[in-house]
Amino acid sequence: EAFVVSFLRARAALMGAGARGATRLRRAVATPAGVYLHGGVGTGKTMCVDAFAAACAADGVATAWPGGAGLSGDASDARGKVLVQTALPQGAGGVRRVHHHAFLMEVHERMHAWLQGPGSSAGAVAAVASDVAAGRAVDGSGLSSPVRLLCIDELQVYDAADAALLGQVLTALVERGVCIVVTSNRAPSELFANGLNRDLVKPLVRAVQAACTVVAMDSE
């Protein structure tokens, strides 16, 4: 299957880069290509991404997550879909898995905090991406492990302005050596397809197409 090949390539690239050390990696090695996995509801996209992230941690891409990969105590929506895996702390071991809505809320929080300080609005996106990549807490209270693999589950676009912001942040994260893995019910070209001001969404589409191998996961 195409998605298996894409995940294996990303995993191999992450492991090869990890052997050289994080500092040298960012100077000499391109960010490994991630995966954008899209398909209908119930096709197993989330299961595949969670298994991929766990394998990366277990195989030495990053150290194992504190508390293991169990989902006990995770926040879920009404359907039981995991939204935020509380057993996997932010940036723990260099691997982070987060639901799209939670990540978007975090980006807005970080932007607000930055704009309340002495920094200029022109540097806000770069500051947010740097903090996410460094594993810095939203309130700036401390650091966890630097994030090298960011998995975003269930990407959806309901607002063109949010999509424009997210596209800039993802591009900046890739520039900082973060490999991006995404799941979505829609292909990149179909995100917000009939929405108002869709031109604002194009930077997000370009960002995921440039950072990831796009793979369709059919239900048949």
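The values are calculated or read from the model by the stated rules, or taken from the named source; none is laboratory data. Values in this document were obtained by computation on a predicted structure and should not be read as measured data. Methodologically, a virtual Cβ is constructed for each residue, glycine included, from the backbone with ideal geometry; neighbour enumeration extends over all protein chains shown.
Within segment 71-83, is there a residue that is at pLDDT below 50, touching a helix residue (DSSP H, G or I) at 6+ places or on another chain (Cβ under 8 Å), part of a strand (DSSP E or B) and surrounded by 17 or more Cβ atoms within 10 Å (Cβ to Cβ)? Yes, there is a match, as at least one residue in segment 71-83 is at pLDDT below 50, touching a helix residue (DSSP H, G or I) at 6+ places or on another chain (Cβ under 8 Å), part of a strand (DSSP E or B) and surrounded by 17 or more Cβ atoms within 10 Å (Cβ to Cβ).
Of everything in segment 145-165 that's touching a strand residue (DSSP E or B) at 6+ places or on another chain (Cβ under 8 Å) and of a type outside the set (D, E, K, R), which residue is farthest from Ala54 (Cα to Cα)? Residue satisfying both the conditions and the ranking: Gln156.
Do we find a residue being aromatic (Phe, Trp, Tyr) and crowded, with 19+ Cβ neighbours inside 10 Å anywhere in segment 145-160? No; the residues of segment 145-160 include none that is aromatic (Phe, Trp, Tyr) and crowded, with 19+ Cβ neighbours inside 10 Å. Residue count for segment 200-220 under the criterion of being small (Gly, Ala, Ser) and touching a strand residue (DSSP E or B) at 6+ places or on another chain (Cβ under 7 Å): the result is 2.
Taken together, the criteria place Ala102 among residues that are closer than 17 Å to Asp153 by Cβ and at pLDDT 90 or above. Selection over segment 180-207 of residues that are closer than 12 Å to His38 by Cα and not small (Gly, Ala, Ser) gives a count of 8.
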